[in-house]
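Scroll down for the structure; my scribbles are underneath it.
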Amino acid sequence: MLTTIFLQTGGGSTLTGMLPFLLMFVVIYLFMIRPQMKRAKNEKQFQSSIAKGNKIVTTSGIHGKIVDIVDSDNTVIIETGAGKIKFERSSISMELSKKYQPAIEKK
């Protein structure tokens, strides 16, 4: 009987000791891992939805219009004021019309 009581209280203290680590993992998942997975999913979806004629901005800040999409090497050809430039599809940051769309809707 005495050993049964000792085991029950010992098991509870182990769970209580692990509770902060479990809570810390849940917080890290909710605030760091989950948003990063969502952002990666949205970025992958955006890169697959790129089409000819879209006005875009690259990660380096170059504005241009997509002239051609080369699926074999996963690149796009962008027409800028200086001429045509070939970029990796992953280097496209955003579609230019989506950047200014909320400003237009507010007016």
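The order of the peptides 58-71, 15-28 by mean Cβ neighbours within 10 Å, most packed first, is 58-71, 15-28. Neighbours of GLY83 by Cβ distance under 15 Å: Lys/Arg scored +1, Asp/Glu scored -1, total +1. Each label point was placed 7 Å from the Cα along the Cα-to-Cβ direction; for ASP71 and MET94 their separation is 2.9 nm. Proximity of backbone amide H atoms, modeled 1.01 Å from N, is registered between ASN54 and ILE66 at under 5 Å, excluding neighbours fewer than 5 places apart on the same chain. In plain terms, the chain from LEU30 to THR59 could stretch by 7.7 nm, reckoned as 0.36 nm per residue minus the Cα-Cα distance.
Here, each number is a calculation from the coordinates, and none is a lab measurement. This one's a predicted model, so the numbers in the text were calculated from it and none came from an experiment. In this analysis, Cβ positions are derived from the backbone assuming ideal geometry, glycine residues included, and neighbour counts consider all displayed protein chains.
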